[in-house]
Each structure stands twice: as C-alpha cells, then as structure tokens.
1. Identify all residues within segment 1-21 that are at pLDDT below 85, in contact with a strand residue (DSSP E or B) (Cβ under 8 Å, 6 or more places away or on another chain) and open to solvent by 70 Å² or more (accessible area, probe 1.4 Å); write none if there are none.
2. So which pairs qualify, if the first residue must be in segment 19-32 and in a strand (DSSP E or B), the second must be of a type in the set (D, E) and open to solvent by 10 Å² or more (accessible area, probe 1.4 Å), the Cβ gap must be under 8 Å, and the two must be at least 6 apart or on different chains?
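The values are calculated or read from the model by the stated rules, or taken from the named source; none is laboratory data. This structure is a prediction, so every number in the text was calculated from the model and none was measured. Don't worry about glycine lacking a Cβ; one is built from the backbone with ideal geometry, like all the others, and counts go over all protein chains shown. For accessibility, only protein heavy atoms count, side chains too; no ligands or nucleic acids. Shrake-Rupley method; radii C 1.70, N 1.55, O 1.52, S 1.80 Å.
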Amino acid sequence: DGALVENFPLPAPAWAAAWGFAEHFEVYAGLANGSVHVFDIRRQGVLRTHECSQRGPPVHTVVPVGEAINGGGVIAATSRLELQGEGLF
C-alpha cells in the first residue's frame, strides 16, 4: 500500500544493499562515501559501521557471506579496493 515501514538515516546516498546471510534481520548498505553500514531491522539505528576508504569511492557491491568463508562477514568492493571476511565486520 506504499506505507513507510522504517526509515534508516544515512550520512551519504546508498549505492548497494543486501540482506544478511546468517542473521536474516540485518541489512548491509554500501554508501557513496566509502563506508558500509549494518542495520538491524528489528530496531532503529546503526548496528555496525566500517569505513572502506576515506571519502569514497562509493561502495558499489556488498555481499554477506557465511562462516565457511574466512569466518563470515561481508565482502565489500569499491573501484579502488576489496575488503572481505571477519576483518571487515
């Protein structure tokens, strides 16, 4: 019906988003400022934040992965670098 369910404030426009792999209540957002934010949709606010790079480039890909891959976490990519695994989150 077009009703707004939740609003998550972001410091920059979102370029990528993905549902959590192990935790189905988490949403990952890759932002234009080079950061990745993780939100818990059960409550408002940022659960975790990681700066992939200072002031961009934008995070264009976020892919949550299970524990079988480097202990789990998220793969995030910008045009300059790729970060992955438990070192990211």
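1. From segment 1-21, those at pLDDT below 85 are 1-9, 20-21; that's our starting set.
Those left that are additionally in contact with a strand residue (DSSP E or B) (Cβ under 8 Å, 6 or more places away or on another chain): 8, 20-21.
Scanning segment 1-21 gives a single hit, F21.
2. As it stands, the answer is W19/E26, since those pairs meet every condition given.
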